[in-house]
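Here is the structure we will look at.
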Amino acid sequence: NAGVTQTPKFRVLKTGQSMTLLCAQDMNHEYMYWYRQDPGMGLRLIHYSVGEGTTAKGEVPDGYNVSRLKKQNFLLGLESAAPSQTSVYFCGWTGYEQYFGPGTRLTVT
Amino acid sequence: DAKTTQPPSMDCAEGRAANLPCNHSTISGNEYVYWYRQIHSQGPQYIIHGLKNNETNEMASLIITEDRKSSTLILPHATLRDTAVYYCIVTYGSSNTGKLIFGQGTTLQVKP
């Protein structure tokens, strides 16, 4: 996963707080994704982007917003966190195939 | 994207071949079969993919039936480090938007 970073690695929020997760890459990837994974489940697509300035909804977009103002950065925002958003969040990108970051473990209390 | 069906869990003895099945009876003509695995809550790792023909790489082999309604991922000599959740995904691939729809996968336990 050289050239792509996902921050932060861990975060604890209180209900109603906001935060932004960052996926940053310097590999000129066009397609980028945000997934969430709840315990015992597979990943579910939240939002994705096929290029700078473009975003689209995935399977579970409610409660999240995204931006891709620069090609290098794909941001996932939680405006008002809820306990149901406690999950592990993975950034993905498509190079030769789709690859994933190490994840952000978010707990909302 | 077509839905896939996988057994929830499988065991395999270390050093033996692990054969993981996947049913995808509603696959369309230009959808690919992809396999990923996820080791202990890390990000998923790409293994292999195919369209019609059988494929092999340094990690695994993929056998797709002639009618493309099912496939089998083969790990030829499983090791303890292959213990993971394996996901079979059918998608139009990275030439499209690249969206992946994950099911619950198969938890493979490799035993000594």
Would you mind giving the mean number of other chain beta-carbons within 10 Å of the Cβ of each residue in B:30-42, as a whole number? 2
Chain B - percent of accessible surface contributed by carbon and sulfur, probe 1.4 Å: 48
Using the crude model of +1 on Lys and Arg Cβ and -1 on Asp and Glu Cβ, and no other charge, please compute the dipole size for chain B relative to its Cα centre, in debye to 20. 140
Equivalent-ellipsoid semi-axes of chain A, from the Cα gyration tensor, Å, largest first: 22, 14, 13
Treating only the Cβ atoms of Lys and Arg (+1) and Asp and Glu (-1) as charged, compute the dipole magnitude of chain A about its Cα centre; round to the nearest 20 debye. 280
Accessible area of the protein assembly as shown divided out per residue, in Å², using a probe of 1.4 angstrom: 49
Share of chain A's accessible area from carbon and sulfur, percent, 1.4 Å? 54
For the stretch A:80-107, list whatever residues lose no less than 20 Å² of accessible surface once every protein chain is in place, relative to that chain by itself, with the probe at 1.4 Å. A:F90, A:T94, A:Y96, A:E97, A:Q98, A:F100, A:R105
Once you put a point 7 Å from the Cα of B:L51 and another 7 Å from the Cα of B:R16, both along the Cβ direction, what distance in nm separates them? 3.6
Among A:V12, A:G77, A:P102 the positive-end extreme of the charge dipole of the stretch A:1-108 (Cβ point charges): A:V12
For chain B, with the dipole built from +1 on Lys and Arg beta-carbon atoms and -1 on Asp and Glu ones, taken about the Cα centre, which of B:H77, B:A18, B:L100 lies farthest toward the positive end? B:L100
In Å, the C-alpha Rg and Dmax of the protein assembly as shown are 17.7, 53
Mind grabbing the interface size between B and A? I mean buried accessible area, both sides, 1.4 Å probe, in Å² to the nearest hundred. 1600
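The values are calculated or read from the model by the stated rules, or taken from the named source; none is laboratory data. Since this is a predicted model, take the numbers as computed values, not measurements. Positions of Cβ are generated from backbone atoms using ideal geometry, with glycine treated the same way; all protein chains shown enter the neighbour counts. These area figures cover heavy atoms from the full protein model, side chains too; ligands, DNA and RNA do not enter into them. Shrake-Rupley method; radii C 1.70, N 1.55, O 1.52, S 1.80 Å.
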